[in-house]
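What follows is a short report on a single structure.
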Amino acid sequence: MNDNIPLSARAHAQPHRKAVLIALLWITMAAGAVFATLNLRAGNLPLAVVEIAMASYSLFLMWAVRRTRHLDRWLLAYSLPFFSAMMFALYVPRSTVSVFGWILLVPILSHLLHGRKLGLAISLFFTGIGAVIFLFRFHDSPLYMEPIPLLNMGILTLCVLTFSHVYEVSRERSENKLLRLARTDFLTGLANRVMFEEMFEKEKHRAQRELTPLSLILLDLDFFKSVNDRYGHEMGDRVLVHVARLIRKRLRLSDLACRFGGEEFAIILPDTHIRQAMAVAEQLRATVADHPLVDEDTTIKQTMSLGVAEIGPDGSTLEDLLAQADERLYMAKGKGRNQVVGPLWIDTETADA
Ligand SMILES: Nc1nc2c(ncn2[C@@H]2O[C@H](COP(=O)(O)OP(=O)(O)OP(=O)(O)O)[C@@H](O)[C@H]2O)c(=O)[nH]1
């Protein structure tokens with residue numbers, strides 16, 4: 001069964017990364033203009049040129065970032081030149097030692113913009129280069145080559161890097177957990193309707209692109225009200241969990257089962273024709289009917305009725321498929337429950353054969 005529940009964790013990070021980038025672009029433009037003026041006055045032409053270039057480039061990025069659908073590329077298009085310009089500022093002999101303070105921004109910004117993995121890689125790369133430039137420029141300066149200033153700078157940088165990384169790791173974990181909860185049914189652990197609709201659209205586009213079939217099963221437990229009435233609501237919940245477990249066990253990894261609400265479940269079967277889907281539905285029906293919930297001295301038998309539909313012959317939208325599957329599910333109920341109903345033409349073909 002499909003378990004990639006936080007499928008859009010990256011997509012969810014995009015608005016917050018975009019907001020950080022836009023704030024940075026404003027700051028880079030303003031700081032670039034101010035520092036370029038100061039450096040021009042001080043006669044530091046190469047650095048002033050780099051700062052003007054960075055400010056102009058930020059203006060262009062501001063325009064591009066608001067329009068793009070590929071934010072990841074533009075995040076790199078900002079951070080790599082920005083950190084490179086920072087390294088250049090560290091390298092220029094006329095820049096003061098205070099410029100090295102900017103290195104502390106590298107781990108913070110790269111984690112904010114790129115997340116934990118790429119953020120860490122970029123942080124290590126540029127802080128490493130910064131350290132090499134520092135040693136290159138000041139290796140013969142006794143003031144800076146003393147153990148205490150060296151340790152101060154090294155440990156401070158390491159602390160900022162470690163805290164940025166640890167914070168980002170725990171932020172991503174919490175975000176994934178929340179995304180998972182928002183897409184999962186709290187009782188059975190199956191996908192909920194939000195996740196189901198998201199996955200259906202994804203699978204539908206894949207089926208259209210790759211010209212593969214896609215089927216849907218809708219199922220509803222039979223006489224479930226009498227389970228609640230006889231054994232209590234808590235036992236009813238345990239039956240729902242038991243049935244969900246049986247469904248989950250029988251499905252392929254690429255299938256997605258969802259609790260639609262109450263005692264109704266739906267399943268997406270990618271790359272599956274209606275006949276195969278009906279065979280799966282029949283196996284699910286038999287599995288649930290043959291595996292009652294056994295709890296100490298109580299045995300609760302449960303059956304279910306199922307309706308099956310396929311994208312194409314039964315329509316192209318989720319609403320179309322659900323409507324067809326629902327109609328068939330209620331035909332199954334009407335025919336006595338504990339059975340699978342597919343399209344009429346399958347029955348006709350089978351009868352003719
Ligand atoms: N225990 C429990 N019961 C639920 C939950 N959600 C819905 N139900 C119960 O499911 C029952 C559904 O009853 P009906 O819609 O009459 O359906 P049924 O008894 O299964 O009858 P048919 O569908 O016609 O076979 C109701 O008693 C609901 O209270 C839940 O989360 N837990």
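Remarks
- Filter result (of a type in the set (Ser, Thr, Tyr) and surrounded by fewer than 16 Cβ atoms within 10 Å (Cβ to Cβ)) within segment 92-133: Thr96, Ser98
- Residue match in segment 253-263 (condition: away from the ligand (no atom under 16 Å from the Cβ), assigned by TED's automatic domain parsing to the domain that holds Ala325, over 15 Å from Ile311 (Cβ atoms) and open to solvent by 80 Å² or more (accessible area, probe 1.4 Å)): yes
- All of Gly315, Gly307 fail the test of being within 16 Å of the ligand (Cβ to nearest atom) and open to solvent by less than 30 Å² (accessible area, probe 1.4 Å), apart from Gly307.
- Of the candidates Arg250, Arg275, the single residue that is touching a Ser or Thr at 6+ places or on another chain (Cβ under 8 Å) and open to solvent by 70 Å² or more (accessible area, probe 1.4 Å) is Arg250.
- Any chance Leu269 is at pLDDT 95 or above, within 16 Å of the ligand (Cβ to nearest atom), under 25 Å from Ile311 (Cβ atoms) and buried (at least 23 other Cβ atoms within 10 Å of the Cβ): no
- The single residue among Asp314, Asp290 that is closer than 25 Å to Asp237 by Cα and not aromatic (Phe, Trp, Tyr) turns out to be Asp290.
- Under the condition of being surrounded by 15 or more Cβ atoms within 10 Å (Cβ to Cβ) and touching a helix residue (DSSP H, G or I) at 6+ places or on another chain (Cβ under 8 Å), the residues counted in segment 34-58 number 13.
- Options Arg193, Arg206, Arg180: the member that is of a type in the set (D, E, K, R), open to solvent by 60 Å² or more (accessible area, probe 1.4 Å), within 23 Å of Met278 (Cβ to Cβ) and more than 10 Å from the ligand (Cβ to nearest atom): Arg206
- Positions within segment 214-241 being more than 10 Å from the ligand (Cβ to nearest atom) and surrounded by 19 or more Cβ atoms within 10 Å (Cβ to Cβ), in sequence order: Leu214, Ser215, Leu216, Ile217, Leu218, Leu219
- Only one entry of Gln283, Gln324 meets the criterion of being part of a helix (DSSP H, G or I) and touching a Pro at 6+ places or on another chain (Cβ under 9 Å), and that entry is Gln324.
- In segment 218-236, the residues that are out of contact with any Ser or Thr (no Cβ under 9 Å at 6 or more places or on another chain) and among the acidic types (Asp, Glu): Asp229, Glu234
Results for (1) in the same structural domain as Ala19 (by TED's automatic domain parsing); (2) out of contact with any helix residue (DSSP H, G or I) (no Cβ under 7 Å at 6 or more places or on another chain); (3) in contact (Cβ under 8 Å) with a residue 40 or more places away in the chain, shown as yes or no for each residue.
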{"residue": "Thr68", "(1), (2), (3)": "yes, no, no"}
{"residue": "Leu76", "(1), (2), (3)": "yes, yes, no"}
{"residue": "Pro81", "(1), (2), (3)": "yes, no, no"}
{"residue": "Arg94", "(1), (2), (3)": "yes, yes, yes"}
{"residue": "Leu105", "(1), (2), (3)": "yes, yes, no"}
{"residue": "Phe125", "(1), (2), (3)": "yes, yes, no"}
{"residue": "Phe138", "(1), (2), (3)": "yes, yes, yes"}
{"residue": "Pro147", "(1), (2), (3)": "yes, yes, no"}
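- Count - residues of segment 65-83 that are surrounded by 14 or more Cβ atoms within 10 Å (Cβ to Cβ), over 20 Å from the mean Cα position of the chain (by Cα) and over 13 Å from Ser110 (Cα atoms): 1
The values are calculated or read from the model by the stated rules, or taken from the named source; none is laboratory data. Everything quoted here is computed from the prediction, not taken from an experiment. Cβ atoms come from the backbone with ideal geometry, glycine included; neighbour counts cover every protein chain shown. In case anyone asks, the SASA skips ligands and DNA or RNA and just uses the protein heavy atoms, side chains included. Shrake-Rupley method; radii C 1.70, N 1.55, O 1.52, S 1.80 Å.
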